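Read-outs throughout are calculated quantities, based only on the coordinates presented, and are distinct from any laboratory measurement. Predicted, not measured: the structure shown is a model, and the values here were computed from it. Because the Cβ atoms are built from the backbone with ideal geometry, glycine has one as well, and the counts that use them run over all protein chains shown.
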Amino acid sequence: MSSLRGKSPPDWLETFPELAGITEPAWRRALDTARLVDLPAGHAIYQDGESCETFILILAGTVKVEKVSPSGQEITLYHLHPGQICELTTSCLMSSKCYHANATTETAVRAAMIPKAEFQLALAESASFRHYIYATVEQAMADLVTLLETVITEPMGQRLAHYLLEQARSENPLIRTHYQIATELGTAREVISRLLKEF
């Protein structure tokens, strides 16, 4: 981990062009407190029920955010890629509530972390930063509603076919276990195995 000091935006902020253009003092002070962290694959950033203490900006690698039901069934809520913030973490920081899912690194990840107090001060005093945060969280909520509607209304066979086609565009051949696919789609491994056999 390393402290980032200086009045001009740090080089890593180029991953977030909208934030790099904000010059308001409260946001620049928050940047002065940021730490760069390198996390290995499989690292738990936040777990369900934990308090959120840092605002996280993903600079490299991918993070999976998932929810596990009391019965043990998992569903992937979203993935984080370079240039993205964790909207659920941000929401928790804004409300001082606990994290309501699990955030785990899928690959090695480099991220910048800003302490909760500095995030909240920047949110209160920087109109541009506040606009960025509100717009990002609003889009995330819309995406989660779309996910919920899809889970409720779209047949699993159709969802599976769509998932396979989408993933194959960036990874061919596609290498996934039935369990991994089930987690992405919020269903049981047995359901995926049956549908793949039918396909």
Self-check item: Loop-located GluC sites (Glu not before Pro) in region 25-125, at most 15 other Cβ atoms within 10 Å (DSSP)
Solution: Glu50, Glu53, Glu106
Quiz item: Given the rule -39500 (n - 2.57) for each run of at least 4 DSSP H residues, summed and divided by the residues of the chain, what is its mean residue ellipticity at 222 nm, to the nearest 500 deg cm²/dmol?
Solution: -13500 deg cm²/dmol
Self-check item: Environment charge at Gly42 (Cβ cut-off 13 Å; Lys +1, Arg +1, Asp -1, Glu -1)
Solution: 0
Quiz item: Which order results if Met141, Met94 are arranged by neighbouring Cβ count within 10 Å, fewest first?
Solution: Met141, Met94
Practice problem: With no solvent and one equal point scatterer placed on each C-alpha of the chain, evaluate the Debye formula and give log10 I(q)/I(0) for q = 0.14, 0.19 Å⁻¹, two decimals. | Solution: -0.86, -1.37
Quiz item: What number of lysine-lysine pairs in region 1-134 show an alpha-carbon separation below 22 angstrom, given a sequence spacing of 8 or more or placement on distinct chains?
Solution: 5
Exercise. Any chance you could run the full-extension gain for Gln120 through Glu106? It's 0.36 nm times the residue separation minus the Cα-Cα distance, nm to one decimal.
Key: 2.2 nm
Practice problem: Taking the Cβ of Ala111 as the centre, find all other residues whose Cβ is under 10 Å away and add up their charges (Lys, Arg: +1; Asp, Glu: -1). | Solution: +1
Quiz item: About its Cα centre, what dipole magnitude does region 106-172 give when the only charges are +1 on Lys and Arg Cβ and -1 on Asp and Glu Cβ, stated in debye to the nearest 20?
Solution: 140 debye
Quiz prompt | Segment Glu14-Leu196, length gained on full extension (0.36 nm per residue, minus Cα span) | solution = 61.3 nm
Self-check item: Cα gyration tensor shape for region 72-113, rounded if a/c is under 1.5, else prolate or oblate
Solution: oblate
Quiz item: Taking the chain as a whole, which cysteines find no other cysteine Cβ under 4.7 angstrom from their Cβ?
Solution: Cys86, Cys98
Quiz prompt | Debye, to nearest 20: dipole size of the chain, +1 on Lys, Arg Cβ, -1 on Asp, Glu Cβ | solution = 240 debye
Quiz item: What FRET efficiency do you get for Lys97 and Thr150 if R0 is 30 Å and r is their Cβ-Cβ distance, rounded to the nearest 0.05?
Solution: 0.70
Quiz item: Whole-Å semi-axes of region 110-199's equivalent ellipsoid, largest first, each the root of 5 times a Cα gyration tensor eigenvalue?
Solution: 37, 16, 12
Self-check item: Neighbourhood charge, 13 Å Cβ-Cβ cut-off, centred on Met94 and excluding it, Lys, Arg +1 and Asp, Glu -1
Solution: +1
